[in-house]
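See below for the structure under consideration.
The values are calculated or read from the model by the stated rules, or taken from the named source; none is laboratory data. Computed from a predicted structure; not experimentally measured. Cβ: placed from backbone, ideal geometry, glycine included. Neighbour counts: every protein chain shown. Keep in mind that these areas ignore ligands, DNA and RNA; they rest on the heavy atoms of the full protein, side chains included. Shrake-Rupley method; radii C 1.70, N 1.55, O 1.52, S 1.80 Å.
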Amino acid sequence: MMPTRALIFDGVKRRELAWCLAANRWARGGSAGRVFTWISRAGDGPIWYALMLAVVMLDGWNGLSASVHMAATGLVALILYTQLKRRTRRPRPFRDDARIKAITPPLDEFSFPSGHTLHAVSFTIIAVAWYPALALILVPFTVAVAASRVILGLHYPSDVAAAALIASVLGLGSLILAA
């Protein structure tokens, strides 16, 4: 007999909560929680704004073009993820399971998709397309931002994975449109 869709989703949710709980417990009360809080806050905008300013200062008009490309894609990402959050209304892990603690306060109420991850992935795709050498810094930072969202108790792994997929389509699509 085939398991029903509800049983399958229940099993996935239990596994995701277990991953969230393990990652969250690991980071609570130690330096890992502080490090991932800093990474998450930096990924909320400061790193990306600094990068856009730096490429303008270092590469003039070409840098301005790259920055405008990142900003325009960022605006589309913002609209997209806020609409998805309003429609899906998925509770954050710390709301679903009292054992998971939000190590840092969330910026909004809902979990799906991760806006931090969506922006980090799309910005990294665009920045690396314009300046390939930045991959050495931006790819590990982007992975850390995505991981921070689960570790801090704010997102499920599927929120982060979906955001990375959406961001990849958005970032690559914007590169195709800009070509």
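With the structure loaded, tell me whether S111 is in contact with a strand residue (DSSP E or B) (Cβ under 8 Å, 6 or more places away or on another chain), polar (S, T, N, Q), under 30 Å from V12 (Cα atoms) and surrounded by 17 or more Cβ atoms within 10 Å (Cβ to Cβ) or whether it fails that test. It is true that S111 is in contact with a strand residue (DSSP E or B) (Cβ under 8 Å, 6 or more places away or on another chain), polar (S, T, N, Q), under 30 Å from V12 (Cα atoms) and surrounded by 17 or more Cβ atoms within 10 Å (Cβ to Cβ).
Could you go through the range 147-169 and let me know if any residue there is over 29 Å from D10 (Cβ atoms) and touching a residue at least 24 places away in the same chain (Cβ under 8 Å).
Scanning the range 147-169 turns up no residue that is over 29 Å from D10 (Cβ atoms) and touching a residue at least 24 places away in the same chain (Cβ under 8 Å).
Within the range 1-35, how many residues are open to solvent by less than 80 Å² (accessible area, probe 1.4 Å) and modelled with pLDDT under 70? The total comes to 3. All of R99, R87 fail the test of being in contact with a helix residue (DSSP H, G or I) (Cβ under 8 Å, 6 or more places away or on another chain), basic (K, R) and either assigned to a helix (DSSP H, G or I) or open to solvent by 50 Å² or more (accessible area, probe 1.4 Å) (or both), apart from R99. Here the range 36-63 is the region considered, the condition is being touching a Leu at 6+ places or on another chain (Cβ under 7 Å) and of a type in the set (V, I, T), and the residue that is least open to solvent (accessible area, probe 1.4 Å) is T37. Quickly run through the range 117-166 and pick out the residues that are of a type outside the set (A, V, I, L, M, F, W, C) and either open to solvent by less than 20 Å² (accessible area, probe 1.4 Å) or within 21 Å of R25 (Cβ to Cβ) (or both). Selection gives T117, S122, T124, T142, S148, R149, G153, H155, Y156, P157, S158, D159. Just to verify a result, which residue in the range 167-179, among those that are aliphatic (A, V, I, L, M) and part of a helix (DSSP H, G or I), is surrounded by the most Cβ atoms within 10 Å (Cβ to Cβ)? Across the range 167-179, the extreme among qualifying residues is A167. Could we say that A66 is in contact with an Asp or Glu (Cβ under 8 Å, 6 or more places away or on another chain), small (G, A, S), open to solvent by less than 20 Å² (accessible area, probe 1.4 Å) and in contact (Cβ under 8 Å) with a residue 40 or more places away in the chain here? Spelling it out, A66 is indeed in contact with an Asp or Glu (Cβ under 8 Å, 6 or more places away or on another chain), small (G, A, S), open to solvent by less than 20 Å² (accessible area, probe 1.4 Å) and in contact (Cβ under 8 Å) with a residue 40 or more places away in the chain.
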